[in-house]
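Structure record follows, encoded as structure tokens.
The values are calculated or read from the model by the stated rules, or taken from the named source; none is laboratory data. Computed from a predicted structure; not experimentally measured. With ideal geometry, Cβ positions are generated from the backbone for all residues, glycine too; neighbour counts draw on all protein chains shown.
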């Protein structure tokens, strides 16, 4: 199992809002697949997976504002 953390999308970004999840619990994703949408002071961006996995737990709901680096979900590794 591995943690998915809120990604820093800009040099000055300190927190972000999870606008929506693009994968559901139990759904497999590959590197480069969009996982969630994050709103910053400047824009809304889709955040892509940096490794493949199966989404197991979502810890941060839609519209929650959290600091960069916060664990927002957990996923299982895939073989």
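Note on segment 1-15: among residues that are part of a loop (DSSP other than H, G, I, E, B) and within 10 Å of the chain's Cα centre (by Cα), the one that is modelled with the lowest pLDDT is 7. Taking segment 16-47 as the range and being in a strand (DSSP E or B), surrounded by 15 or more Cβ atoms within 10 Å (Cβ to Cβ) and in contact (Cβ under 8 Å) with a residue 24 or more places away in the chain as the test, the residues that pass are 16, 17, 18, 19, 21, 29, 35, 36, 38, 45, 47.
Would it be correct to say that residue 60 is in contact with a strand residue (DSSP E or B) (Cβ under 6 Å, 6 or more places away or on another chain), surrounded by 13 or more Cβ atoms within 10 Å (Cβ to Cβ), touching a residue at least 24 places away in the same chain (Cβ under 8 Å) and under 15 Å from residue 5 (Cα atoms)? Yes. So is residue 50 surrounded by 15 or more Cβ atoms within 10 Å (Cβ to Cβ) and either part of a loop (DSSP other than H, G, I, E, B) or touching a helix residue (DSSP H, G or I) at 6+ places or on another chain (Cβ under 6 Å) (or both) or not? No; evaluated as a whole, the condition is false for this residue.
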